[in-house]
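Everything below concerns the one structure shown next.
The values are calculated or read from the model by the stated rules, or taken from the named source; none is laboratory data. Predicted model only: the values in this text are computed from it and were never measured. All Cβ positions, glycine included, derive from the backbone under ideal geometry; neighbour counts span all protein chains shown.
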Amino acid sequence: RAAIWDTLRVELDQCPAEHQNGIFSFAEYGSGAGRLSMAVAAHYPNATVLSIGDDTDMVKDHLEKVMARELWNNVVCELKLDGTLTKNVYESPEFFRYQMYSPNLI
């Protein structure tokens, strides 16, 4: 994964207008233990990193590491990874345009 991170960092460091100052969203499907997602989150603290995994133990391990390293910009979730999820996110015209904070509704 180090080679992947090196390649990704070069691409992200080119700073296109849409993510100047490290403000962008990044989704990793099949994030496993989260090494790549956490590297992105640590290097770009203004980014929002969404890590999607489908292995309960690996997602739990990833979440524990995120909390220990206080990478609050790395959201970790467990979902079934399939073509439908990827297609729906890809075809979404925006990434989380509508957001709601409602802890009392849960």
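Of everything in segment 78-88 that's over 14 Å from the mean Cα position of the chain (by Cα) and surrounded by 12 or more Cβ atoms within 10 Å (Cβ to Cβ), which residue is modelled with the highest pLDDT? Here the answer is 81. Among the residues that make up segment 4-15, is at least one of them surrounded by fewer than 16 Cβ atoms within 10 Å (Cβ to Cβ) and touching a Lys or Arg at 6+ places or on another chain (Cβ under 9 Å)? Yes, the conditions are met somewhere in segment 4-15. Does residue 59 count as of a type in the set (A, V, I, L, M) and surrounded by 14 or more Cβ atoms within 10 Å (Cβ to Cβ)? For residue 59, the condition - of a type in the set (A, V, I, L, M) and surrounded by 14 or more Cβ atoms within 10 Å (Cβ to Cβ) - is met.
For (1) within 13 Å of the chain's Cα centre (by Cα); (2) β-branched (Val, Ile, Thr); (3) modelled with pLDDT of 80 or more, each residue gets a yes or a no:
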{"position": "46", "(1), (2), (3)": "yes, no, yes"}
{"position": "49", "(1), (2), (3)": "yes, yes, yes"}
{"position": "68", "(1), (2), (3)": "no, no, yes"}
{"position": "76", "(1), (2), (3)": "yes, yes, yes"}
